[in-house]
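Heads up: the structure comes next, in structure tokens.
The values are calculated or read from the model by the stated rules, or taken from the named source; none is laboratory data. Predicted model, so just to flag it, every value in this text is computed and none were measured. Cβ coordinates were reconstructed from backbone atoms using ideal geometry, including for glycine residues, and neighbour counts include every protein chain displayed. Each accessible area value is taken on the protein alone, full model and side chains, heavy atoms only, with ligands, DNA and RNA left out. Shrake-Rupley method; radii C 1.70, N 1.55, O 1.52, S 1.80 Å.
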Amino acid sequence: MISQLPSAFVTAATSAASREYVGDLLATVCNDRERDVLGMTFGLGGRAPLSKTKIAELLRVSRERVRQIEVRALTKLRQTHRANRNEEYARSR
């Protein structure tokens with residue numbers, strides 16, 4: 001069935017689903033500061049990506065603190081994603 005769809009449509013649908021999944025994870029797992037740092041770092045929400053130095057200036061923290069927040073947020077996202085994936089696998093068996 002999927003092979004009959006135009007590849008651009010499949011790519012767009014997959015991309016939209018991925019964005020929605022990431023958005024849901026960010027909203028439920030990360031606090032406001034972590035969402036802000038990840039959004040600025042990766043250019044989420046249509047923004048241009050910013051350097052850690054620029055993010056630090058905007059948030060009035062050190063560049064090292066921005067790095068720490070980013071690492072903590074990415075760790076939370078990875079752990080939650082793995083837990084979700086394991087849960088889906090367990091349900092499919």
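Things worth noting here:
- Close pairs (8 angstrom Cβ cut-off, 6 or more residues apart or separate chains): closer than 17 Å to residue 35 by Cβ in the range 46-60, open to solvent by 80 Å² or more (accessible area, probe 1.4 Å) and of a type in the set (A, V, I, L, M, F, W, C) anywhere: 49/42; 50/58
- Scanning the range 58-93 for residues that are touching a helix residue (DSSP H, G or I) at 6+ places or on another chain (Cβ under 8 Å) and within 18 Å of residue 22 (Cβ to Cβ) gives 69, 70, 72, 73, 74, 76, 77, 80, 81.
- Members of the range 23-35 that are surrounded by 10 or more Cβ atoms within 10 Å (Cβ to Cβ) and either free of Cβ contacts under 8 Å to residues at least 40 places away in the same chain or of a type in the set (Phe, Trp, Tyr) (or both): 23, 24, 31, 33, 35
- Residue count for the range 38-60 under the criterion of being in a loop (DSSP other than H, G, I, E, B) and open to solvent by less than 80 Å² (accessible area, probe 1.4 Å): the result is 4.
- Extreme residue, nearest to residue 36 (Cα to Cα), among residues of the range 61-93 that are part of a loop (DSSP other than H, G, I, E, B) and of a type outside the set (Ser, Thr, Tyr): 61
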